[in-house]
Amino acid sequence: MNASIYNTALKVRPNFKSGKKLLETMEMAGICPNIDSYNILLSKCRDYNEGVLLIQKMRTNGIKPNVVSYNMLFKICNDFEKGKVLYQQMISA
């Protein structure tokens, strides 16, 4: 299996929790998630703090969040101050 197959499976996961488990399975199988893997998972995220943790994990794994990543996080940000911080992170990245 490769990242593309896992990404397809991530797309059909019903929620963030099951998608996160699949991402962990992917990593345990020795397959590195790519930007698409993380963005698909972010699209299922409904909790801002979980999304921030996922962005941090992306960076830790050497993957730079892109405009899609930040857009997904902005969609679930319900606090103006957090949004300003996120915007500053995005433009300084």
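The values are calculated or read from the model by the stated rules, or taken from the named source; none is laboratory data. Since we're looking at a predicted model, the values are computed, not measured. Virtual Cβ from ideal backbone geometry, glycine too; neighbours counted across all protein chains shown. Just so you know, the surface numbers come from the protein's heavy atoms only, side chains and all, with ligands and any DNA or RNA stripped out. Shrake-Rupley method; radii C 1.70, N 1.55, O 1.52, S 1.80 Å.
Quick look at the values:
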| item | result |
| --- | --- |
| Pick from region 54-84, criterion out of contact with any Phe, Trp or Tyr (no Cβ under 9 Å at 6 or more places or on another chain) and β-branched (V, I, T), ranking: surrounded by the most Cβ atoms within 10 Å (Cβ to Cβ) | V68 |
| M58 in a helix (DSSP H, G or I) and in contact with a Ser or Thr (Cβ under 8 Å, 6 or more places away or on another chain) | yes |
| Residue in region 25-46 that is part of a helix (DSSP H, G or I), of a type in the set (S, T, N, Q) and under 18 Å from L86 (Cα atoms) present | yes |
| Residue in region 58-69 that is under 20 Å from S92 (Cα atoms), of a type in the set (S, T, Y) and in contact (Cβ under 8 Å) with a residue 12 or more places away in the chain present | yes |
| Scan of region 34-53 for residues that are among the charged types (D, E, K, R) and open to solvent by 40 Å² or more (accessible area, probe 1.4 Å), ordered by number | D36, R46, D47, E50 |
| Test: residue in region 78-87 that is in contact (Cβ under 8 Å) with a residue 12 or more places away in the chain, outside any loop (DSSP other than H, G, I, E, B) and in contact with a Cys (Cβ under 9 Å, 6 or more places away or on another chain) | yes |
